[in-house]
Structures are given as C-alpha cells and as structure tokens.
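In what follows, a structure is listed as structure tokens, so that the remarks can point back to it.
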Amino acid sequence: MLHGSETGTELRLRQIGIIAPALRHLKIFSGRSHPALTNEICARIGLEPGHITLYSFSDGEHYVQIDENVRGADVFIIQPTCPPSVNDHLMELLIMLDAFKRSSAKRVTAVIPYYGYARQDRKDKPRVPITAKLAADLISAAGADRVLTLDLHAAQIQGFFNIPVDHLFAAPVIVGHLKQLELEDLTIVSPDAGGVERARAYAKRLGASLAIIDKRRFSPNQTEVMNIIGDVEGRNVFVVDDIIDTAGTLIHSAQALLDKGAKSISAACTHAVLSGPAIQRINASQLDTVITTNSIPTEDKEAECSKLKTLSIASLLAEAIKRIHNEDSVSSLFEM
C-alpha cells in the first residue's frame, strides 16, 4: 500500500532500506542545463529524479509542467545557470520556481552549482548594473525559499539574497585529488590578489608553498601579468582559480611561471566555463593538466581537450541536500 503521494519506486526503495522515511517527502528535479549531475546526485541519495516536462516554443519561450504531485514536498531544483545558454537556463529556473510554488510545494530550494552573472557583483565603473544582485532578486521573487550554491565568485553575493544561502566549496574534492597525486615541491599559485584566500587554503591543506601573480586587467577577458610574488623556480605549480572562462589569464600566468623557472604547470578550477578560444588555448599551451568539477557540463569539452580532467561534486551536493532536508547542520560542508 502506498503512503500519501509515495510512488511505487519510492516504496520499494524504502522497504529495502535505501530511502529513510525522513526522506519520503524529498523530491529532486532537474532543469535542462545539467541533467547528468541531477541523475548522479539522485543515485547517491537513492531517489529517482522528479518527473517534469520542459521544452521551448519555436519563438524561444520556455514551458514547464510538473508531472507529479508535489503538494507539501521539500523540492530541490538543480539548475546551474551556465553556458551555452546562460539566460535561457536562468529563465527556466525562474519559471520552475514559480511552478513549484503554485503547486503548493512546502519548500523550494534552488541548487545552483554555477551562479551565472556572479562576476558582475559591484559597480567597478560609472553607470553599470550589479547584475549578480538582480539575479538574486529574481530568484527570490520567483519563489525560492533558499539557495544552495558552490564557490561563488565573490562570497558577499550571499548577502544579495534575503533568503538563506548555503555556500559550499569544491576545495575538499580538488584537494583530495591533489593529495593522491603526491607531487613533490608543490606550489599553489593564486592568479590574482582576489584569489589569495582560496590559494592559501589549498596550500595549507596540501603542505605546499604559496605564490601570487600580480596582474592588470585592461579590458574584458584581457589581462597582463606584471609580477610573481613567491618562489616557483624548480617547483611543480598548480594555479588555483574559481572560474576559467576564455583561459587568457591562465595562459598568461602559465607562461610567466615557466619564464620564472617552474618545473611543471597545471591548473585547477571549480567552474570550467571555457568559452571562446579557451580550449584551443589550453591545447596549445604548456599546461600539463586542468582539473575542474562537473558544476558545469564538461563532456563535450573533455572530448576536445585531453588535458581537462573532471571531478564529481555529486557526493558533496547530495550530502548537503540530505542535511538541509533533515534540518541537520551543514556547517561542516562549508569548510575549505
């Protein structure tokens, strides 16, 4: 006999002990930006992804219909607002949020592994918007009760929301992989002053030294390395950043580090945007490898770039979702 809105699959899973009764009202749905990540998260939790119809009309408008009962459910929508259609993915997220609120879901959490527009987080010149704040307002107004995200470009973006934000870090996943490599003479490099805290946290956990690149940005996606602070000569270097977009900064940094005598150059980032000429630049560079996570789909990019290695954040997000659903503490997951 089914209990409430419990599906036959949920009942079978619960009977064999995969789903605890406390998770019965947990439902996880995916937008179209990264269904593979949703499937992996659901597999780790022991749930099937929720059933939902998503498509676009010929004029580009998005359509959403929830194909199961969500009344009283604790709903998590997994939708990184990532390329190649940042605006479409953001709009689809907003429409999904509205649909779930109008369908009487008890709570709706927007799980946004990659938060688009995060780099527009301040007025750095006259008469420009703060688009990261605008996106936060839209997500809140559409009906999100809380947000779960990963490695925001600027931590203060949490304050742009008037709802709870759980801000996770991919560092445990990436650091765990770097430890397995057992590299000697390792130096962690921050590609700019803004990433020093992140690089220091990596260096501390790996017992590595730290170096900082002083760069100047003279136009969008155009930077110039001015100086390197720290010793990199004869050392294995890992450049650590949150986002790799066109890879211009990374390639310039790698060349500057090689000029200073670095033994090998690799990179690690959370979000592999890799737009424009990024893949061609990485393939043509002297980088050994670029480690990233699947916060953004990377299957097509890995096929084009043999130097790209993707680590999964599904376990991290699955654990966070379970703790939020069970009203347990997630503070230990915030630690780098």
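Quick note: the coordinates plus some simple rules give every number you see, no bench work behind them. The shown structure was predicted, so the numbers you read here are calculated from the model rather than taken from an experiment. Note: ideal-geometry Cβ built from the backbone for every residue, glycine included; neighbour counts use all protein chains shown.
Details
- Distances between placed amide hydrogens fall under 5 Å for residue 28 paired with 50, 76, all partners being 5 or more residues away or on another chain.
- Coil-residue GluC sites (Glu not before Pro) of the range 162-201, DSSP, other Cβ within 10 Å capped at 14: 182, 184
- Principal semi-axes in Å for the range 244-336 [√(5λ), Cα gyration tensor, largest first]: 32, 16, 10
- With a threshold of 24 Å on the Cα-Cα distance, the over-threshold entries among 263/307; 179/215; 27/309; 125/215; 204/263; 215/263 are 179/215; 27/309.
- Shape analysis of the range 68-198 yields a ratio of the Cα radius of gyration to the Kirkwood radius, Rg/Rh, of 1.06.
- Relative to the longest principal axis of the Cα atoms of the chain, the long axis of helix 35-45 makes an angle of roughly 70 degrees.
- For the chain, the fraction of alpha-carbon pairs in successive 20 Å shells from zero, as %: 30, 54, 15, 0
- Taking the C-alpha atoms only, the angle from helix 131-142 to the longest principal axis of the chain is near 10 degrees.
- Helices in the chain, meaning DSSP H runs of at least 4 residues, each add -39500 (n - 2.57). Divided by all residues, the mean residue ellipticity at 222 nm is -9500 deg cm²/dmol.
- Nearest-ten-degree value, helix 314-325 long axis tilted from longest Cα axis of the chain: 50
- Span per principal axis, largest first, for the Cα atoms of the range 17-103 (Å): 46, 26, 15
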